[in-house]
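Below: the structure, in structure tokens.
The values are calculated or read from the model by the stated rules, or taken from the named source; none is laboratory data. Everything numeric in this text was worked out from a predicted model, so none of it was measured. When we count neighbours, we look across all protein chains shown, and the Cβ atoms used for this are built from the backbone with ideal geometry, even at glycine. Quick note on the areas: whole protein, heavy atoms, side chains included, nothing else; ligands and nucleic acids left out. Shrake-Rupley method; radii C 1.70, N 1.55, O 1.52, S 1.80 Å.
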Amino acid sequence: MSIRPDGRPPFRADHIGSLLRPPALRQAFKELAFKQHAAKEIGDAEFARIQDQCVRDVVRMQQEIGLEVVTDGEFRRGSYWGRFVERTQGLEVRGALLKFRDDHGHEVDFTAPYATAPLRRTQPLALDEFVFLRDATNVTAKVTLPAPSTMHFLRFADFADHRAYADADRFFADLVAVFAQEIADLVRAGCRYLQLDEIAIALLCDPAIRDRVAGAGGDPDALVNRYIDLINGAVAGCPPDVVVGIHMCRGNFKGRYLADGGYESVAERFFARTNANHFLLEYDTPRAGDFAPLRFVPKGKGVVLGLVSSKTPVLEDIDGLKRRAEEAGRHIELDRLAISPQCGFASSVAGNPLSEADQRAKLARIVEAARAIWG
């Protein structure tokens with residue numbers, strides 16, 4: 001993999017990271033949740049063996065369908081950010097202030113990180129995941145990390161115990177240090193494609209969520225600027241040959257979402273100021289708005305169009321995907337684009353309402369569409 005000076009995504013066919021956990025792995029996590037793992041009914045070695053084999057299998061699946069970039073499916077994580085809370089000193093899990101919802105208006109509570117003490121990286125967060133993946137594939141291994149804002153935004157102003165952090169500046173400084181240390185280790189281990197999953201800025205495109213933030217005493221626009229700074233601080237030490245992609249996500253839990261709203265209100269500053277090679281953007285439903293905000297993507301950066309839904313088993317047709325890519329090409333050069341699902345297939349162990357066969361068909365369709373669009 002090489003970085004192009006025009007910022008074009010390194011792969012025409014990409015995916016966001018998380019994949020459906022196989023039944024054996026879901027069962028292992030279930031036993032862990034019910035304390036059977038701690039009671040040694042499933043031991044540490046057996047749990048790791050199951051994870052290792054499932055990762056090898058899912059890497060082989062990605063390579064078989066023609067993807068040139070693979071992930072480990074986030075198979076070692078209970079959720080896309082849960083492992084980082086478990087492994088970062090000073091964080092715990094509490095209830096979030098937002099709710100997931102579906103198109104029928106049904107709502108579901110979920111959880112969020114909360115700081116109880118000063119944040120410290122006392123052990124690797126994803127380094128072990130990357131090292132195993134690197135050695136299990138002969139194509140590019142991509143590692144995903146939750147963006148730093150994840151550790152702050154989901155509880156708005158109530159993100160930390162005031163005895164630990166009397167002001168947000170100290171919290172953000174410690175948070176950036178944790179991410180910078182992890183990324184430095186990943187780079188030393190050979191990681192050349194890093195993806196940060198940014199939900200906060202995407203959620204701040206939703207007028208209703210902006211109103212809630214303002215009602216809690218926050219400034220939505222100031223938060224957007226702050227979260228851009230956090231990303232830039234986290235990746236500041238990356239050498240020029242490391243590709244950084246930023247995925248913008250409106251929430252993904254069992255097919256549900258957190259927010260509506262197009263990118264227009266944040267696009268100009270987010271695309272221009274964020275130090276990234278490309279942006280992986282959700283564009284699977286009208287909730288994401290139109291492609292007009294892509295006009296703000298600077299010449300040296302690219303976009304991966306999330307045109308394929310990971311929330312439904314309905315398989316998109318090639319002609320429809322080509323038309324959508326052509327529509328996007330009216331606002332940004334087609335050569336600076338690529339294609340992917342709009343999000344992962346399983347941001348948590350539970351996964352989205354699709355089968356593994358559906359998932360494989362969708363990933364294969366992305367490869368097929370990329371060849372049809374770009375040759």
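Quick notes on this structure:
- Some residue of region 266-275 being open to solvent by 10 Å² or more (accessible area, probe 1.4 Å) and part of a loop (DSSP other than H, G, I, E, B): yes
- If you go through region 215-240 and pick out every residue that is more than 19 Å from Ala272 (Cβ to Cβ) and in contact (Cβ under 8 Å) with a residue 12 or more places away in the chain, you end up with 6.
- Among the residues of region 285-306, those that are part of a loop (DSSP other than H, G, I, E, B), of a type outside the set (Val, Ile, Thr) and surrounded by 20 or more Cβ atoms within 10 Å (Cβ to Cβ) comprise Phe291, Lys301.
- Boolean, Arg134 is among the basic types (Lys, Arg), at pLDDT 95 or above and within 17 Å of Gln195 (Cα to Cα): yes
- Given (1) under 25 Å from Leu194 (Cα atoms); (2) modelled with pLDDT of 95 or more; (3) open to solvent by 10 Å² or more (accessible area, probe 1.4 Å), number of the condition Ser347 does not satisfy: (2)
- Selection count where residues are open to solvent by 10 Å² or more (accessible area, probe 1.4 Å) and either charged (D, E, K, R) or part of a helix (DSSP H, G or I) (or both), scope region 138-169: 8
- Complete set of residues in region 205-222 that are open to solvent by 30 Å² or more (accessible area, probe 1.4 Å) and of a type in the set (A, V, I, L, M, F, W, C): Ala208, Ala214, Ala216, Ala222
- In the set Glu316, Glu356, only one residue is at negative phi and open to solvent by 60 Å² or more (accessible area, probe 1.4 Å); that residue is Glu356.
- Residues in region 319-340 that are in contact with an Asp or Glu (Cβ under 7 Å, 6 or more places away or on another chain) and either surrounded by fewer than 14 Cβ atoms within 10 Å (Cβ to Cβ) or among the basic types (Lys, Arg) (or both): Arg336 alone.
- If you go through region 95-113 and keep only what is surrounded by fewer than 17 Cβ atoms within 10 Å (Cβ to Cβ) and either modelled with pLDDT of 80 or more or of a type in the set (Asp, Glu) (or both), you end up with Asp102, Asp103, Glu107, Asp109.
- Residue pairs meeting the criteria (Cβ under 9 Å; at least 6 apart or on separate chains; first farther than 20 Å from Arg188 by Cβ and among the aromatic types (Phe, Trp, Tyr), in region 241-252; second modelled with pLDDT under 95 and open to solvent by 10 Å² or more (accessible area, probe 1.4 Å)): none
- Hits in region 329-361 (condition: part of a helix (DSSP H, G or I) and either among the aliphatic types (A, V, I, L, M) or over 28 Å from Phe271 (Cα atoms) (or both)): Leu334, Glu356, Ala357, Asp358, Gln359, Arg360, Ala361
- Yes/no for His152 being without any contact (Cβ under 8 Å) to a residue 40 or more places away in the chain and not charged (D, E, K, R): no
- Qualifying position, being hydrophobic (A, V, I, L, M, F, W, C), open to solvent by 10 Å² or more (accessible area, probe 1.4 Å), touching a Gly at 6+ places or on another chain (Cβ under 9 Å) and in a helix (DSSP H, G or I), among Ala184, Ala202: Ala184
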